[in-house]
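Everything on this sheet refers to the single structure shown next.
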C-alpha cells in the first residue's frame, strides 16, 4: 500500500464517521507566543480546547505538518541515528470537541488499524495512564475497561505520567492518554523476547504509532490542573511510522515516504544507501532527506532562513544538512535544492503550498547552500590558522573558546572542527567549548526569559474588537495577569471592548491610554472635555498583542480599581500613519505584480507609523526604471481618491471568487475580511484608510535582497513622506547657499573635478615621500643571524605604509618587517616577510598575535598582512612584543 493511499484511507475512514476533513495548518506559527512551530496535530485547535473559539465542527480529522526541533519536544539530535525520529513529520489525527470521548476514540482506532489497515491484532499493545499521586490523579480505569472489549488484558500496560499524560507545553490543555504500539519484529525475535518488555523502551521495531489523548484539564501557569469546560479527544498517529508498519519495513526511511528522495541523493552524490545505522554515509543521507522536508515546508509556509527566531531554527536545520552532505558525501557544490522537485511530486497533491511555492523554495535553498559552502571554505582556512598557532605554541589542544567562536559567529560546524583537529593529532578543549556554549544559552535565556502568572478573571465574557469602527470607547477589564521580564514587572489586561488593534498581519499593535471613571474631574460621558495630560490616574497602554484569540494590552501598573469602567483611547496620530502605510502596501503589491509579473507574492511585511517594509518574491534586483514605475502607479492610485470597500465575515470561498489574494503561510478561517481599493483585493485583518487620498504620497527609499528570490522594499507615506520632502527641500536650500548657486548639478561637477585634481596631487606627493622614507628605513634594519629585522613606529596612512613595505621587500632579501602606525582613527599593524623567508615565517600569524594588544584582528598571506584595532594605548605593547618576537 502506497503512502498516498494510506493517508487517503485515514481521511476517508473518519469522513465516513462524520468528521469534517480540514487542511493542515501552516507549520510556522505567527500568533502563538508560546510556540514557534506546530509541534503536534492539536496546535491549530488549541483555541477550541481552551474555549476561545467555536470549532468548525464537533468532529474533525486531518493530517498536520509538525516540526520538533526546539523546546520540550526536540527530536533533532536523534534524526539520522535511528529509524523513526524526524524533524518534520505528519500527524494524522481525529478530534472531538465536546462530542464523543474515550469509548468512541478507542473503538475507531481499533477498527481502523485492524479492519481497514489489517494490522494483525496480536501485534498490537496499548498503554493507559496509571495515575499520579502528586497530581491527585487516579488510574484511567475507563480507558482500561474500553480496551478490554478489543484486546487481551495482558497487552494493556500501565504507563507513568511521563509516557501517558500528554501536555503540549508548560501550560495549556492536557490529559491522560492511551498509546497504541505495534510489534514489527520477526517471529524468531518475538519468541526470544516478550514485547511487553520493549514497549516504550526505544526499540526500533516495537514502536508507538498512535496516541489517543483524552483532553480533560488545563495546566495553569502555577502548575496546578483545572478541569476544562468540556471533554475532548485529541489523537495523533505518526504517518511515517504507520507507513513503516503497513509496508512491512524495518525503518521509516525504507518506506516510499523517503525512498524517492534517497534515490535522488544517490543519483546526484554517487553514494549508495545501505540503511546501516552506524554508517556515517547512511546517517548523512537520512539527515538530508529528513531535513529537506522540514526546511522546504517551512519556506513554503512563509518562514525564510534568517539569523533570528524561527528563521534561525530553519537555517540551522538546513546548515546541518549541508554540513553532513559536505563531510560524509563529499558534496562541495549545492545539490539539496534538487530534492525539492521530488518532494513536490510526492506530496504536492495533499499539500498544495508545495506545488505553488516550488520555485521559491528551490531558489532559497540553492542560495543558502551556496552561501554556507563558502562559509565552510572560510572556516577551513580559519581552523588551519588556529591549528598552526596551537602547534607553534607546542600545544596539542585547540582553545575551546576559539572553536566555539568559529561555530557561533561564522556557523562552522563544531563537529567538523573536531574531525580536522583529530586528523592533525590534536583535540579540542571541550570544557572551554561547553563553557562558552553555556554562556551563550544563559545570555539567550536572560534576554527572552519571562515569567507569566495566571489570569485573574473578573468576568467570563467573549471580548470584542471594535477598533475598525472606533478609536475610543467605554469599556472594562475582564481579566488581567502579571508578567515579569528583563525590563521589570508589567500587567497584561483584556478589555470587554477593545479599540486597540493587536499586532498581527505585519501591522504593529496600537498604543494609547485608559482613563478610569473614578478619575477626579473626569466625566466619562464627555471625555473630550478632559485634559488627559493632567490625569494622575491615566494608564498608558504600551503595546497590544493577540494571544489565544484574546486581545492583550500591556500596562506598567494595575489600576487601583481594576473593576472600574474605563475610557480607552487609541493613539490616533500613530494609528493614522500606520493605517496609511498598511493601505499603501496593498497598492504596492498590485503595482509590483503589474510591473514585474504575477509571480510576485507578498512574503512578509512590517507596517508601523514611521515606515513600511514589504517583502516579495522576485528573482532579480529591480531597475531604477522599474522602481520609478511602481512609485508612479501607486501614487496614481492614491490620487484617484479610491474609497475603501470592506467585506467583513464573508465566506472565504466568496472572497476568492471576488479575486481576493490569500497569502501562503497565513491561517484563514471559514469567514474572512476582504479589503478592496479599486482593483486591489486582499484578505486582511488590519486597519486601513477610508480613502486612498488619506495616504498623501508614497516614496520608496530602498530596494534590496533579503534571501534568494526575496526582495525587500522600504518606503514611507503620509506624514513621514511629507516630512521627507520638507527636509529634502531644506537641504537643497542649504547646499545652494553654501555653493552660492542655484545650479547645483554644475557646481557639484566642478567640485568633483577640482577634488580629483587635488587627490592626484596628494597621491603624487605621498609616493615621493614614500620613496624618501624607503631609503631612510633601509638604514634602520638590524641584522640577526640570517635575517634583517625592522620594527618601527610611524604616523602614516595605511596605503603609504603598504607601498613602503612592498618596496622594502622588493629591494631587501631576508627581511622581516613590522610597522606600528597610529595615523587615522584606529591603530594599524602591518607585517611584511621576504619571499625566501615565507616558509619559516607567516605574516598573517604574526599580525594576528600582535593585534591582540590593540583589541583588533586581521590577517593576510605569508608575505603580507595587516590588522586594525580599537585600543590606541596598545600600540606600545604591540611594539615591544614585535621587538621580542
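The values are calculated or read from the model by the stated rules, or taken from the named source; none is laboratory data. In this text, all values refer to a predicted model and were calculated from it rather than measured experimentally. Cβ atoms come from the backbone with ideal geometry, glycine included; neighbour counts cover every protein chain shown.
Remarks
- Just one of the numbered conditions (1) outside any strand (DSSP E or B); (2) under 30 Å from residue 133 (Cβ atoms) is not true of residue 268: (2).
- Those residues of region 500-515 which are touching a residue at least 60 places away in the same chain (Cβ under 8 Å) and either in a loop (DSSP other than H, G, I, E, B) or within 21 Å of residue 476 (Cα to Cα) (or both), in sequence order: 500, 501, 505, 506, 508, 510, 511
- Listed by position, the strands (runs of 3 or more DSSP E) inside region 768-885 whose residues that are surrounded by fewer than 14 Cβ atoms within 10 Å (Cβ to Cβ) number at least 2 are 782-784.
- Residue match in region 333-344 (condition: part of a helix (DSSP H, G or I), more than 17 Å from residue 286 (Cα to Cα) and outside the structural domain of residue 23 (by TED's automatic domain parsing)): yes
- Yes/no for residue 418 being surrounded by 13 or more Cβ atoms within 10 Å (Cβ to Cβ), touching a strand residue (DSSP E or B) at 6+ places or on another chain (Cβ under 6 Å) and in a helix (DSSP H, G or I): yes
- Of the residues 441, 461, the single one that is over 31 Å from the mean Cα position of the chain (by Cα) and not in a strand (DSSP E or B) is 461.
- Residue within region 495-504 that is under 17 Å from residue 552 (Cβ atoms), touching a helix residue (DSSP H, G or I) at 6+ places or on another chain (Cβ under 8 Å) and assigned by TED's automatic domain parsing to the domain that holds residue 563 present: yes
- For region 266-307, residues that are closer than 14 Å to residue 67 by Cα and over 29 Å from the mean Cα position of the chain (by Cα) total 0.
- Among the residues of region 274-319, the one identified as without any contact (Cβ under 8 Å) to a residue 24 or more places away in the chain and buried (at least 24 other Cβ atoms within 10 Å of the Cβ) is 314.
- Residue 292 modelled with pLDDT of 95 or more and either assigned to a loop (DSSP other than H, G, I, E, B) or more than 23 Å from residue 708 (Cβ to Cβ) (or both): no
- From the list 52, 48, the one residue that fits, being at pLDDT below 90, more than 15 Å from the chain's Cα centre (by Cα) and part of a loop (DSSP other than H, G, I, E, B), is 52.
- Residue list for region 478-491, restricted to those being more than 27 Å from residue 673 (Cα to Cα) and assigned to a strand (DSSP E or B): 479, 480, 481, 482, 483, 484, 485, 488, 489, 490, 491
- Within the set 235, 255, the sole residue that is in contact with a strand residue (DSSP E or B) (Cβ under 9 Å, 6 or more places away or on another chain), in contact (Cβ under 8 Å) with a residue 60 or more places away in the chain and surrounded by 21 or more Cβ atoms within 10 Å (Cβ to Cβ) turns out to be 235.
- Any hit, region 531-541, residues being crowded, with 16+ Cβ neighbours inside 10 Å, in contact with a helix residue (DSSP H, G or I) (Cβ under 9 Å, 6 or more places away or on another chain), more than 30 Å from residue 637 (Cα to Cα) and assigned by TED's automatic domain parsing to the domain that holds residue 515: yes
- For the condition farther than 30 Å from residue 284 by Cα, assigned by TED's automatic domain parsing to the domain that holds residue 204, within 37 Å of the chain's Cα centre (by Cα) and at pLDDT 95 or above, residue 57 does not qualify.
- Screening region 612-691 for strands (runs of 3 or more DSSP E) wholly inside it with 3 or more residues that are surrounded by 16 or more Cβ atoms within 10 Å (Cβ to Cβ) returns the ranges 612-617, 671-677, 680-683.
- Number of positions in region 17-28 that are outside any strand (DSSP E or B) and either over 17 Å from the mean Cα position of the chain (by Cα) or free of Cβ contacts under 8 Å to residues at least 40 places away in the same chain (or both): 7
- Hey, residue 722 assigned by TED's automatic domain parsing to the domain that holds residue 691, outside any helix (DSSP H, G or I) and at pLDDT 90 or above or not: no
- Test: residue in region 698-707 that is over 14 Å from residue 603 (Cα atoms), more than 32 Å from the chain's Cα centre (by Cα) and crowded, with 22+ Cβ neighbours inside 10 Å: no
- Flag for residue 551 being in the same structural domain as residue 524 (by TED's automatic domain parsing), under 30 Å from residue 696 (Cβ atoms) and in contact with a strand residue (DSSP E or B) (Cβ under 7 Å, 6 or more places away or on another chain): yes
- Among the residues of region 540-561, the ones that are more than 16 Å from residue 497 (Cβ to Cβ) and either assigned to a helix (DSSP H, G or I) or more than 26 Å from the chain's Cα centre (by Cα) (or both) come to 8 in all.
- Here residue 34 passes the criteria (1) surrounded by fewer than 18 Cβ atoms within 10 Å (Cβ to Cβ); (2) over 18 Å from the mean Cα position of the chain (by Cα); (3) at pLDDT below 90 except the one numbered (2).
- Qualifying residue in region 403-410 (condition: at pLDDT 90 or above, over 18 Å from residue 295 (Cβ atoms) and surrounded by 16 or more Cβ atoms within 10 Å (Cβ to Cβ)): yes
- Every residue from region 570-611 that is at pLDDT 95 or above, surrounded by 21 or more Cβ atoms within 10 Å (Cβ to Cβ) and not in a helix (DSSP H, G or I): 570, 607
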